[in-house]
Amino acid sequence: MTYWLMKSEPDCYSIDDLKRDKVEHWDGTRNYQVRNMMRDQMEVGDLAIFYHSNAKTETGCVGIMKVHSKAYPDPTQFDPQSEHPDPKSDPDNPRWLCVDMKYVEHLPRLVSLAEIKLDPAFATMPLVMRGNRLSVFPIKKIHFDRICKLATQEQ
DNA sequence: GCCAACGTTGGC
DNA sequence: GCCAACGTTGGC
């Protein structure tokens, strides 16, 4: 079982949207590393932290969700009306993949990026390491558990 | 809005 | 294969 952290801009799609939808495809990723990880490492039932990036209020971890499908071709790559159409992608050999994600729960409180940066326990988590810009990446269980634990405590 | 740090593209 | 130019991400 792999644990993940997945970023989304709340203005675009938030944890509240996922709660309303219950299950939604996590589409629009256009990065080969992310595609390969979704294809090769992501398993149905894996748990993921829902992370709000570029948030007007506060950036950080807001909820938990579960991988609900294997990776499959992202339909938005062939839709000219979508945010990220890719005219070079071959329908017979699609370039981009997505997965379905299922809402599990909101964290009791937001665990902010600032808080995570201050905590030495997260020093080796890709989120705070220099240069990491992936929107989806695996995290260690200890980091997943610690985020959940911090969310149950006063800041 | 700024900017650092990456990723991608395409000419050569 | 190199690398300049450009695009994107995402914190601040």
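Computed quantities for the displayed model
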item: Of the criteria (1) over 13 Å from the mean Cα position of the chain (by Cα); (2) within 16 Å of DNA strand B (Cβ to nearest atom); (3) part of a loop (DSSP other than H, G, I, E, B), which one residue A:36 fails; result: (3)
item: Boolean, residue A:137 is within 16 Å of DNA strand B (Cβ to nearest atom) and surrounded by 14 or more Cβ atoms within 10 Å (Cβ to Cβ); result: yes
item: Members of segment A:15-30 found to be at pLDDT 95 or above and either under 11 Å from the mean Cα position of the chain (by Cα) or within 15 Å of DNA strand B (Cβ to nearest atom) (or both), listed by number; result: A:15, A:26
item: Identity of the residue in segment A:126-145, outside any strand (DSSP E or B), within 25 Å of residue A:27 (Cβ to Cβ) and touching a helix residue (DSSP H, G or I) at 6+ places or on another chain (Cβ under 7 Å), that ends up modelled with the lowest pLDDT; result: A:132
item: Scan of segment A:23-82 for residues that are in contact with a Cys (Cβ under 8 Å, 6 or more places away or on another chain) and hydrophobic (A, V, I, L, M, F, W, C), ordered by number; result: A:26, A:38, A:49, A:50, A:64, A:71
item: Residues that are within 15 Å of DNA strand C (Cβ to nearest atom), of a type in the set (Ser, Thr, Tyr) and not in a helix (DSSP H, G or I), drawn from segment A:1-33; result: A:8, A:13, A:14, A:29
item: Filter result (assigned to a loop (DSSP other than H, G, I, E, B) and either more than 19 Å from residue A:34 (Cα to Cα) or at pLDDT 90 or above (or both)) within segment A:69-92; result: A:69, A:70, A:71, A:74, A:79, A:80, A:81, A:82, A:87, A:91, A:92
item: Selected residue (only one of A:97, A:113 is more than 13 Å from DNA strand C (Cβ to nearest atom) and in contact (Cβ under 8 Å) with a residue 24 or more places away in the chain); result: A:97
item: Within segment A:97-115, tally of residues that are farther than 30 Å from residue A:76 by Cβ and either within 16 Å of DNA strand B (Cβ to nearest atom) or assigned to a helix (DSSP H, G or I) (or both); result: 2
item: Filter result for residue A:91 (over 24 Å from residue A:141 (Cα atoms) and without any contact (Cβ under 8 Å) to a residue 24 or more places away in the chain); result: yes
item: Pair list, Cβ < 9 Å and 6+ apart or interchain, from segment A:51-64 residues that are of a type in the set (A, V, I, L, M, F, W, C) to residues that are assigned to a loop (DSSP other than H, G, I, E, B) and surrounded by 14 or more Cβ atoms within 10 Å (Cβ to Cβ); result: A:55/A:9; A:55/A:10; A:55/A:14; A:62/A:10; A:62/A:14; A:62/A:55
item: Hits in segment A:78-96 (condition: more than 16 Å from DNA strand B (Cβ to nearest atom) and either of a type in the set (S, T, N, Q) or under 30 Å from residue A:148 (Cα atoms) (or both)); result: A:81, A:82
item: Of residues in segment A:129-150 being without any contact (Cβ under 8 Å) to a residue 40 or more places away in the chain and within 15 Å of the chain's Cα centre (by Cα), the one farthest from DNA strand C (Cβ to nearest atom); result: A:132
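The values are calculated or read from the model by the stated rules, or taken from the named source; none is laboratory data. Here the structure is a predicted model, which means the values were calculated and not measured. Using ideal geometry, Cβ is built from the backbone for each residue, glycine included, and neighbour counts are taken over all protein chains shown.
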